[in-house]
Amino acid sequence: MVEGPSVNETEAVREAILAREAGIQLLVVGVSRSGMPLTEWMGVASYPNKLNVYTVRDYDQLGTIVNRLITSVNNGTNTHHSSAYTRIHRMVQKCKKSKVLPKPQGP
């Protein structure tokens, strides 16, 4: 999850490429009221990047993309009984409540 552009777009994209080469699928959830850095977010997301970049204008809209995220993470299946659903739902609720992105946590 990102809020606006990174400090160093080149570095962010380079690190994303290394992660993808290591077999990590990257989904980008971008929160931005204006000037969304779509080029950067597309460079970070796994391919097909248009399907792996989700954008919302504010934290209150995060709930609108939960089902799409779950379907993506679960390889096309939208099940609310998965660990992905639990993790995504908790993260969205935490972000909406605090209006701040949580620190990355392990798998």
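A short reminder: the numbers here are calculations on the coordinates, not readings from a lab. Predicted model, so just to flag it, every value in this text is computed and none were measured. Quick reminder, even Gly has a Cβ in these numbers, built from the backbone with ideal geometry, and neighbours come from all protein chains shown.
Observations on the structure shown:
- Approximating the spin labels as points 7 Å out from Cα along Cα→Cβ, the Gln93-to-Glu21 distance works out to 4.0 nm.
- Computed extension gain for Met42 through Glu9, at 0.36 nm per residue and net of the alpha carbon distance, reaches 10.8 nm.
- Sum of side-chain charges, Ser32 neighbourhood, beta-carbon under 10 Å (Lys, Arg +1; Asp, Glu -1): 0
- Each of Arg33 and Asn74 was given a label point 7 Å from its Cα along the Cα-to-Cβ line. The distance between the two points is 3.5 nm.
- Scoring 15-26, 54-65 by mean Cβ neighbours within 10 Å over their residues and listing the highest first yields 54-65, 15-26.
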